[in-house]
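Remarks on the structure that follows.
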Amino acid sequence: RPVAGIRLEGVESFDEDRILSLLPFSRPAWYRLGTPHYTPDLLALGVDAIRAFYRREGFHEVTVRSRLESRDPVSGDRIVVEVLEGPRTLISAVDFRGESPLEEKKLREALVHEPGGPAPYLQTEYGRDVYALRAAHLSQGYLGCRILLTIREEPRARRLVFTIHPGPAYRIQEI
């Protein structure tokens, strides 16, 4: 179906262009040739992408819905995407436990998610932090390094606790 327009409602924390860029189709513009088209499945994918984006940014209770404001077979449909952001969850603190031989400053520099930043909804999003910490240890010869992440839930906040077991350091003595 042709798209005559897209309107966002309830977007407060992000630039509307950023949110619109998550839709798998574009809104009409004077500089584009032709009219953009969508299907209900593409619209559903776009709504899911917006929801996932908000959850990665710490809005765990976000609600995203779409509706058609008007339908016109010639000029196209006017789509409304409603976003109810809800409260934002932040990372309150990052703690390191265990016997890491690396300085805490170096560990903190390796992190992707920092205190005060948004706390992603899915636990798998923190995998980049675990891999970055492991890579920092691997680069120093700790090939058997194990890192366990515990996420402590607090009201509107998450505390990340990384328990680091570096294992023995391996060194090349002669080549």
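The chain: longest stretch without exposed GluC sites (Glu not before Pro) (DSSP loop, at most 13 other Cβ within 10 Å), sites themselves excluded? Counting only loop sites that pass the neighbour cut-off, the longest clear stretch is 104-173. Computed from the C-beta positions of residue 124 and residue 48, the FRET efficiency with R₀ = 22 Å rounds to 0.85. For the chain, carbon and sulfur atoms together expose 51% of the accessible surface, with a 1.4 angstrom probe and every protein chain in place. With distances taken between every two different alpha-carbon atoms, the chain has a Kirkwood hydrodynamic radius of 19.1 Å.
Can you give the FRET efficiency for residue 156 and residue 21, using 1/(1 + (r/R0)^6), R0 = 35 Å, r = Cβ-Cβ distance, to the nearest 0.05?
Working: r = 28 Å, r/R0 = 0.79.
So, using R0 = 35 Å, E works out to roughly 0.80.
Please sort by residue number the trypsin sites (Lys or Arg not before Pro) in region 100-175 whose DSSP state is loop and whose Cβ has at most 14 other Cβ atoms within 10 Å. Walk me through the numbers before you get to the answer.
Working: sites: 105, 106, 108, 128, 134, 146, 152, 156, 158, 159, 171; in loops: 156, 171.
Counting only loop positions with at most 14 other Cβ atoms within 10 Å, the trypsin sites (Lys or Arg not before Pro) in region 100-175 are 156, 171.
Working note: Karplus 6.51/-1.76/1.60 with θ = phi - 60° gives region 16-23 the couplings 4, 4, 5, 5, 4, 5, 7, 6 Hz, where Gly and Pro are set to x.
Given Cα pairs under 8 Å that are at least 6 residues apart, what percent is the relative contact order of region 14-113? Relative contact order, region 14-113: 18 percent. As I understand it, the value is the acute angle between the Cα axis of helix 40-56 and the longest principal axis of the Cα atoms of the chain; what does it come to in degrees, rounded to 10? Tilt of helix 40-56: around 40 degrees.
The solvent-accessible area of residue 25, taken with every protein chain present and a 1.4 Å probe, is close to 20 Å².
Multiplying the residue separation of residue 90 and residue 103 by 0.36 nm and removing their Cα-Cα distance gives an extension gain of 2.2 nm.
Across region 145-157, computed HN-Hα scalar couplings (Karplus, 6.51 cos²θ - 1.76 cosθ + 1.60, θ = phi - 60°) run 4, 10, 10, 10, 9, 10, 10, 9, 7, 10, x, 6, 8 Hz from first to last residue, x flagging Gly and Pro. In the chain, the longest principal axis of the Cα atoms and the axis of helix 127-138 are about 30 degrees apart.
The values are calculated or read from the model by the stated rules, or taken from the named source; none is laboratory data. Owing to the predicted nature of the structure, the values given are computational and were not obtained by experimental measurement. No Cβ is skipped: glycine too gets one built from the backbone with ideal geometry, and neighbour counts run over all protein chains shown. The protein model used for the area step is the full one, side chains on, heavy atoms only, and it has no ligands, DNA or RNA in it. Shrake-Rupley method; radii C 1.70, N 1.55, O 1.52, S 1.80 Å.
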